[in-house]
Amino acid sequence: MHIKIMASVCLLMAFLESCTSQQRKDSATLAPSELPGDILAQTHCGRCHAFVAPDLLPKDSWRYDVLPDMGHRLGIYAGGLRPDSLFGSGPDAEQIRLSGVFPEQPLIAGEDWEKIVQYYLTLAPETLAPPSRKEPIPTDLKQFAYREVALAHRPALTTLVHFRESGKGLVFSDAKSHILSFLSHTLEEEYSLPLKATVVGFEEDSDRAYLTSMGRGVFPTDAANGAVWLLRKNDKGRLASSEGALVNDLQRPAQTQRIDLNQDGVLDLLACEYGNYSGRLAWYEHLADGTLKPHILRNMPGAIHAEVRDFNGDGKPDIMALMAQGDEGMFLYLNQGEGRFEEKRLLQFLPLNGSQHFSLADFNGDGHEDILYVCGDNADKTPLLKAYHGLYIFLNDSKLNFKQSYFYPLNGAYKALARDYDLDGDLDLAAISFFPDYAHQPQESFVYLENKGKLRFTPHSFPQATQGRWMVMDAGDLDGDGDIDLALGSYVSFQAEGDSTGLGEKWLKSGPSVILLENKARR
């Protein structure tokens, strides 16, 4: 789960090696180059993330939102603003200062900066037409039965929904009350557990559970107040007593997983520490004395999801990770043995993509897992409907080279899960959107894409798709009948962009925390 309030379009790393000797001068005294604005923009932005062309945003977005933020990261401060005014006064202020995101001195000559500004403002369009859909998504989904969970927190701030082992029901977490609730397979409340922070991850074994906490809120932060907690079960199988933290001081972890990465027979910890201005993808080595030693794989914010496989067939676990928050892309970390990993970039995405999730599945039956990629986070400086938000399939050529082979446009897409929902032998897709086009296509909140073969999918939604604002989703067999059900969790603190339907008010007053889409394929 991830909400990107302060996402940047130009995450400049305190870098620009050619400028380091000039960092103690102001922009007026730095020698300007003879380069035109387009080359300067590509040079200064393109070296730290995919280059963003002027025509991808309207003129006012560049003028009032993106360019000022970009300037700050180049040490250009207008109107007397200074870097320390951007650090804030919260617990993460010092971490922001140390990150070097906002340099004390300019990294670019004033004349060069003005060339960049004029390049964007001259070529950017006045407005951008919102993406349109040729045909509306029909609300004719008959394969799943809609069931609303009676237990609800209002307003619902659901940050986790998770299928337990078959027959054990569901668990979900609420960020406002910091309550973890356990539901039976009939969706009745078994018990609820008050906690001290927001839970976004849940893993359990026979006698204990591991809970990933990102701290007390959900918004991006540089404060290292995330953790993985250990809770022991009582003789009734319920979580009862705390054993403390497996690891503390994580920077807003979006995902953690316990796995033996160095093959010493002890489970280590892989953490996607999303952060905000700073963050990292890291693995924590479980030492003999029980402590965990951090090893940084990528020292940048935006780590949001990772999968572990032996990707190159050498018998060692490798890591594939999705990075958001600026330099967006897919990265592969090949295990070199003895705790060492070699980084390889697989795919690069625009910083406007709002990367949210990915999963691995074999879509063309060649025995190699492909990438299902989801982008659509729109809680940033450019909250516009974007034609490139949606679901992508990148096919694997068997050599870990991935090529885009399918795209389904879905405004504000947040997550997609590939399963054989209809039991016909191929992979269908279930997707949720947190920022759909509520004004024209509110049924984008949930889309089921039925596989028709050869990467052709037919969309469906259901009439109650707008009962909540879906931010989290999981798939599993709740009732043990052999088909895959879906659970959706609603988070409604944000009003719907462009909503003129009264949905926001309805969610706040009567919206559910969790719903179940019960699969009827076995009936």
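The values are calculated or read from the model by the stated rules, or taken from the named source; none is laboratory data. As the structure is a prediction and not an experimental result, all values here were calculated from the model. Quick reminder, even Gly has a Cβ in these numbers, built from the backbone with ideal geometry, and neighbours come from all protein chains shown. Only protein heavy atoms, including side chains, enter the accessible area calculation; ligands, DNA and RNA are left aside. Shrake-Rupley method; radii C 1.70, N 1.55, O 1.52, S 1.80 Å.
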For the stretch 40-87, what is the accessible area per residue in Å², given a 1.4 Å probe and the full set of protein chains?
38 Å²
Classify the stretch 171-212: rounded, prolate or oblate, from the alpha-carbon gyration tensor (a ≥ b ≥ c, eigenvalue square roots; a/c under 1.5 rounded; otherwise prolate if a/b is larger than b/c)?
oblate
Placing +1 on the Cβ of each Lys and Arg and -1 on the Cβ of each Asp and Glu in the stretch 393-506, which of Q441, L400, L410 has its Cα farthest towards the positive end of the resulting dipole?
L400
Once each part is reduced to its C-alpha centroid, what is the distance from the stretch 239-296 to the stretch 299-369 in angstrom?
18 Å
Heavy-atom accessible area per residue - the stretch 179-319, 1.4 Å, Å²
40 Å²
Highest mean first, what order results for 260-267, 508-515 on Cβ atoms within 10 Å?
508-515, 260-267
Once you put a point 7 Å from the Cα of R216 and another 7 Å from the Cα of E189, both along the Cβ direction, what distance in nm separates them?
2.4 nm
Rounded percent of accessible protein surface that carbon and sulfur make up, the chain, 1.4 Å probe:
49 percent
Helix axis angle, 37-46 relative to the chain longest principal axis, alpha carbon, degrees:
40 degrees
The helix 110-123 Cα axis meets the longest alpha-carbon principal axis of the chain at an angle in degrees, between 0 and 90 and rounded to 10, of 60 degrees
Rounded if a/c under 1.5, otherwise prolate or oblate - the stretch 208-295, Cα gyration tensor axes:
oblate
